[in-house]
Each structure stands twice: as C-alpha cells, then as structure tokens.
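Shown next, in structure tokens, is the structure this report addresses.
The values are calculated or read from the model by the stated rules, or taken from the named source; none is laboratory data. Note that the structure is a prediction, hence the values are computed from the model and not measured. Cβ atoms come from the backbone with ideal geometry, glycine included; neighbour counts cover every protein chain shown. These accessible areas exclude ligands, DNA and RNA; they are computed on the full protein's heavy atoms, side chains included. Shrake-Rupley method; radii C 1.70, N 1.55, O 1.52, S 1.80 Å.
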Amino acid sequence: MAEIERESMEYDVVIVGAGPAGLSAAIRLKQLDAELNVVVLEKGSEVGAHILSGAVLDPAGIDTLIPDWRDRDAPITVPVKDDNFYLLGEAGKIRLPNFAMPPLMNNHGNYIVSMGNVCRWMAKQAEELGVEIFPGMSCSEIVYGEDGRVAGVVAGEFGKNADGTPGEGYEPGMELLGKYVFLSEGVRGSLSKEVIAKFDLAKDSEPQKYGLGMKEIWEIDPDKHREGSVTHTMGWPLGSNAGGGSFIYHLDNNQVYVGFVVHLNYENPHLFPYMEFQRFKHHPMVAELLKGGKRVAYGARAITEGGYQSMPKAVAPGVALLGCSVGLVNVPRIKGNHNAMLSGIAAAEAAHSALNNGRAGDTLDAYDAELREGPIGKDLRRVRNVKPLWSSKGLLASLTIGGFDMWTNMIGLSVLGTLKHGKNDAEATGRAADFKPIDYPKPDGTLSFDRLTNVSFSMTNHEESQPAHLQLLDASIPIDVNLPEYAEPAQRYCPAGVYEVVEEEGKDARFVINFQNCVHCKTCDIKDPSQNINWTVPQGGDGPNYPNM
C-alpha cells in the first residue's frame with residue numbers, strides 16, 4: 001500500500017483526551033496566554049461520552065483552576081453530608097467508626113458529581129477562552145520528529161475495511177502537530193503506552209497496578225433517598241478471592257451511584273468481577289435500598305492503583321503524560337480527579353514557561369518535578385503503602401497496618417518506608433487447575449442483570465465494518481495457551497462480554513472477539529495472563545455514550 005499522505009495543522013500545544021486533566025491543561029494554557037493555539041482531541045462522540053468515575057470530587061483541583069466555579073453554574077452541587085464505612089459479611093455488616101479513619105479519609109467539603117457532566121461544563125469554559133475542541137477524533141498514531149521527539153498525533157482516520165485496508169469512503173485523517181503534546185487519555189491509553197515503552201519511562205518505577213470499576217445509576221424510591229450520603233464497603237462478596245470494595249453515593253433527583261471495584265491482581269482465574277458486582281447488590285443492606293427502583297445506566301473502566309511508587313517519568317522530548325496516563329489515584333480515598341486537574345495545571349504552566357523562553361519539543365522536567373514534589377506527590381506519598389499491603393497481606397492488614405501507616409505519614413513519619421508491588425496484574429494470575437471454579441447465582445433481572453443486557457445501558461456502538469480495535473499479538477494463544485492453563489479468563493474479566501470461547505460439537509474451540517460490545521475499560525490489555533491483547537482506539541465517536549457517569 002502506498003504511503004498515506006496527510007494534511008497537517010500546527011498548534012502550540014496538542015492535547016489528547018477531554019477528561020479533567022486535558023481540559024484543565026487547556027484552560028490553564030489560555031488563562032496564561034490567550035494567544036496560544038491549543039487544541040483538544042476527544043475520541044468520544046462528545047465530551048463526557050467516555051467519562052466514568054465514582055465520583056466524590058475533592059474540589060482542590062477546580063478551586064485552583066477556576067476559583068469562581070460556584071458562580072458559573074458548575075454541575076458541582078451536591079455536598080457530602082455523611083460518611084459511612086462498612087465491613088460486610090454475607091448477611092450482616094459492621095460499621096467502622098469514622099473517628100478511627102485518618103483525616104484524609106474525611107469527605108467533608110467534597111461533592112458527589114457526574115464527572116461526565118463536569119467535563120462537559122469544563123469544555124464550555126475552555127471554548128469560551130478560545131480552545132479548539134474536536135470530539136469524535138480518535139488519535140491513532142504518534143508523529144515523531146526527525147530528532148525522535150514526539151511532534152504530534154494522527155487524528156480522524158475513518159473508513160478502513162475490516163482487514164485494515166482503505167475502504168470506499170476512506171479518510172486518512174490529519175497530522176496535528178504541536179510544540180508540545182499532552183497525553184491525557186485516561187487509564188492505559190494506547191499512545192501513552194507506546195510513549196512509556198519507547199522512552200523507557202517506567203524503568204525506575206514499580207509495576208503499575210489496576211482495579212476494574214463497574215458502576216450503575218439507579219433511580220430509587222424517594223423515601224429511601226438521602227441526598228449527599230456516601231457509603232463505602234469492603235469484604236463480602238469478594239472475601240479472600242480478591243481485593244476491592246463498593247461505593248454507594250446519593251446524588252440529586254432520587255438517583256444513586258452504585259459501584260463496585262475489583263483489584264486486578266487476583267489469582268483465581270475463575271473469578272468473574274462483573275458477577276461479583278451483581279451478587280453484591282443482593283446483600284440485604286443494598287437490596288433494601290434498591291428495592292422498587294430501576295437501573296438507568298451502566299458502565300465500566302479500569303482504575304490506576306499503583307500510586308506514588310508506580311508513577312512513570314511523566315515527560316519525554318515533546319510530550320507530557322497527564323492524569324491517569326501517569327496514575328494519580330489516591331486508592332484509600334478512591335479519588336483521582338482532583339489530582340488529574342492539578343496535573344493538567346502543572347503541565348500547562350511548565351509548557352507556558354518553556355514557550356515563553358523560546359523552547360519547543362524538549363523535555364518539560366519542571367512538570368515531572370512538580371508532580372512528585374508538589375501537592376499531587378504529597379497526596380500520594382502518604383498513602384503509598386496501603387495498596388501493596390492489601391495486595392500482599394489482605395484486607396485486615398490494609399485496614400490496620402495501612403491505617404497506622406497513614407496516620408504516621410500525616411506527621412511525615414513512616415516506619416514501613418516505601419513498600420513494593422512486585423508482580424504486575426497479568427503475572428499475578430494463577431493456573432486454573434490450582435483453584436476451584438466459582439458458582440455464581442443467575443441474575444434475577446430485577447437487582448442483578450446479565451452482561452449483555454447491562455451493556456445496552458451504556459449506549460455503546462461501534463461501526464462493525466472497521467478493523468477490530470482489540471488486537472491479538474498471536475491468534476493461537478487464547479485457545480492453545482490461555483484456555484488449558486487459565487480457563488481463558490477473558491471470558492470473565494471483561495465487564496462487557498466482548499470475549500467468548502465457542503465450542504461446537506465436532507469442531508475445534510474458537511476464540512471470538514465481539515468488539516462491538518467494548519466499553520473501553522481496557523481490562524483485557526491489563527489482565528490477560530499472556531499479555532496477548534493490545535487495546536487500540538476504534539474510529540472516532542465509537543464506544544460508549546455515557547449520559548451522567
């Protein structure tokens with residue numbers, strides 16, 4: 001095939017991803033210099049379409065970026081009124097006293113929000129400042145300069161046939177070139193993954209760790225609704241099978257966010273994270289809350305959980321990684337949006353300073369230093385041992401020893417130092433023969449639902465004639481290796497039912513990829529024990545269309 005010729009456009013800063021980090025960077029750049037040319041490229045059909053988060057928002061980031069946000073009709077209107085922590089058993093619960101929690105766990109002053117709606121509002125603020133925002137523009141390639149630096153991205157390629165060849169209405173896309181490129185793709189972004197590998201940015205950090213977060217929005221009986229109430233649980237139904245827990249957030253309009261997180265370092269390949277979530281809703285405390293209500297939306301995404309010691313270097317020539325592309329979630333607080341915003345602000349300030357000094361395409365070391373030494377690093381450093389303790393010692397150790405470590409870190413002391421994570425999540429997967437299969441109850445269609453029914457509530461759509469954006473490095477591995485060794489866990493770890501092993505009488509088993517169902521959580525890219533699945537972007541606008549996630 002002849003080399004593709006593309007038109008190009010030049011900007012001062014090219015930003016990939018219209019999440020809280022990318023939009024914060026765009027806004028801050030224009031606040032600093034209204035004449036800067038800034039573009040934001042978003043793969044979702046609209047800003048917010050691919051945003052899924054809990055979310056209880058710490059306003060530290062938005063306070064720094066837009067101090068008068070309260071006067072601008074920001075969709076940040078439900079303050080947290082009460083905090084509840086429970087340890088669940090199958091039929092009962094134990095409430096953990098709030099006074100025993102380190103002060104950083106207190107949600108006083110935080111807000112229950114839809115981060116999708118917050119990002120939609122932030123996009124309007126950015127556009128009013130002159131930022132160009134293009135939704136429906138997947139960024140499929142990095143453009144490198146002759147000197148090896150990151151010089152831009154390819155965006156807007158449409159119309160390929162299923163085999164990857166140009167179709168009848170093929171559009172080659174454009175090269176968006178920038179003096180600096182910011183990658184704010186969220187968790188495990190395809191371009192960020194490429195940049196981290198090419199420039200060996202993770203060589204001095206621990207393996208990144210992840211969780212799978214699943215979320216439903218429910219409309220419940222008004223008599224049971226408690227606007228501003230926040231509940232977190234640990235324990236049942238996961239038990240010793242995996243780390244994780246739940247959240248239940250009462251927002252406005254009689255709606256409740258019901259979410260469940262499973263840490264992806266679990267060993268038992270028979271574990272079915274989605275079904276653990278569905279089983280959780282049958283706990284008496286949760287079932288009573290949801291009784292008489294209805295689920296109105298569903299979605300899922302991976303969460304970066306490695307914390308301080310897993311942060312890769314965030315800069316290389318011409319490029320900076322922002323937000324979840326670095327991994328800035330505070331795991332015990334279950335919060336990362338404030339740090340994503342602060343990272344965008346810091347990257348913008350470093351780029352503005354460099355441009356003012358006549359620089360372009362070099363390494364923004366000032367940004368990386370601010371990430372580690374500024375408020376983000378301080379936030380993550382004091383909780384850095386909770387996740388490795390949970391992974392190696394279990395729930396009770398993370399509650400007791402991890403809690404003690406957080407308390408001591410409040411005064412700058414840690415008797416534990418900095419613990420290591422060890423294996424990545426794919427390597428943590430055990431052999432199927434060493435574990436018993438888990439018998440999950442069948443969804444009842446009232447409180448619990450099968451995956452494909454729930455995926456329809458994510459409004460996911462992919463043009464079926466395009467190449468699959470879920471690529472197997474070796475097509476033989478799922479059946480020849482993963483099936484006999486691990487009972488092919490892709491059938492279970494995917495929260496959207498993308499992967500199937502089809503066994504028909506008299507025929508060899510087949511591995512089927514239903515990429516049309518993909519909600520872009522990227523769990524497969526993380527958890528596949530053979531690291532054989534590469535998640536890339538589909539054509540722009542495809543994927544979920546989340547309403548209020």
Do we have Asn337 as open to solvent by 10 Å² or more (accessible area, probe 1.4 Å) and more than 24 Å from Met101 (Cα to Cα) here?
no
Give the residue that is most open to solvent (accessible area, probe 1.4 Å), with candidates limited to residues of the stretch 349-378 that are in contact with a strand residue (DSSP E or B) (Cβ under 8 Å, 6 or more places away or on another chain) and part of a helix (DSSP H, G or I).
Asp365
Selection from the stretch 512-549 of residues closer than 18 Å to Gly136 by Cα, over 16 Å from the mean Cα position of the chain (by Cα) and part of a loop (DSSP other than H, G, I, E, B) yields Pro538, Gln539, Gly540, Gly541, Asp542, Pro547
Selection from the stretch 71-123 of residues within 27 Å of the chain's Cα centre (by Cα), within 30 Å of Val40 (Cβ to Cβ) and among the acidic types (Asp, Glu) yields Asp73
Looking only at the stretch 134-149, count how many residues are within 19 Å of Pro538 (Cα to Cα) and part of a strand (DSSP E or B).
7
Going through the stretch 184-193 in order, the residues found to be of a type outside the set (Lys, Arg), touching an Asp or Glu at 6+ places or on another chain (Cβ under 9 Å) and open to solvent by 10 Å² or more (accessible area, probe 1.4 Å) are Ser190
Matching residues in the stretch 142-160 - criterion: being more than 29 Å from the chain's Cα centre (by Cα) and either open to solvent by 40 Å² or more (accessible area, probe 1.4 Å) or farther than 27 Å from Val315 by Cα (or both)
Glu146, Asp147
Of the residues in the stretch 464-511, those that are open to solvent by 30 Å² or more (accessible area, probe 1.4 Å), touching a Phe, Trp or Tyr at 6+ places or on another chain (Cβ under 7 Å) and either assigned to a loop (DSSP other than H, G, I, E, B) or at positive phi (or both) come to Ala468
How many residues does the stretch 409-418 hold that are more than 28 Å from the chain's Cα centre (by Cα) and open to solvent by 50 Å² or more (accessible area, probe 1.4 Å)?
5
Yes or no: the stretch 106-117 includes at least one residue that is touching a Pro at 6+ places or on another chain (Cβ under 6 Å), among the hydrophobic types (A, V, I, L, M, F, W, C), touching a residue at least 40 places away in the same chain (Cβ under 8 Å) and open to solvent by less than 50 Å² (accessible area, probe 1.4 Å).
no
Any residue in the stretch 185-205 that's touching a residue at least 24 places away in the same chain (Cβ under 8 Å): show its pairings with residues that are among the basic types (Lys, Arg) and buried (at least 21 other Cβ atoms within 10 Å of the Cβ) at Cβ separation under 9 Å, as long as the two are six or more apart or on different chains.
Glu185/Lys43; Gly186/Arg301; Gly186/Lys522; Val187/Arg301; Val187/Lys522; Arg188/Lys522; Gly189/Lys522; Ser190/Lys522
Would you point out the residue of the stretch 212-228, among those that are over 18 Å from Ser53 (Cβ atoms) and touching a residue at least 40 places away in the same chain (Cβ under 8 Å), that is most open to solvent (accessible area, probe 1.4 Å)?
Arg226
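I'd like the full set of residues that are closer than 30 Å to Asp525 by Cβ and assigned to a loop (DSSP other than H, G, I, E, B), limited to the stretch 394-418.
Gly394, Thr418
Can you tell me how many residues within the stretch 94-114 are modelled with pLDDT of 95 or more and touching a Phe, Trp or Tyr at 6+ places or on another chain (Cβ under 6 Å)?
Residues meeting the conditions: 1.
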Just the residues that are in contact (Cβ under 8 Å) with a residue 12 or more places away in the chain, open to solvent by less than 20 Å² (accessible area, probe 1.4 Å) and not charged (D, E, K, R), please, taken from the stretch 399-408.
Gly402, Gly403, Met406
Restricting to the stretch 419-463, and then to whatever is farther than 30 Å from Glu206 by Cα, aliphatic (A, V, I, L, M) and assigned to a helix (DSSP H, G or I), can you tell me which residue is most open to solvent (accessible area, probe 1.4 Å)?
Leu452
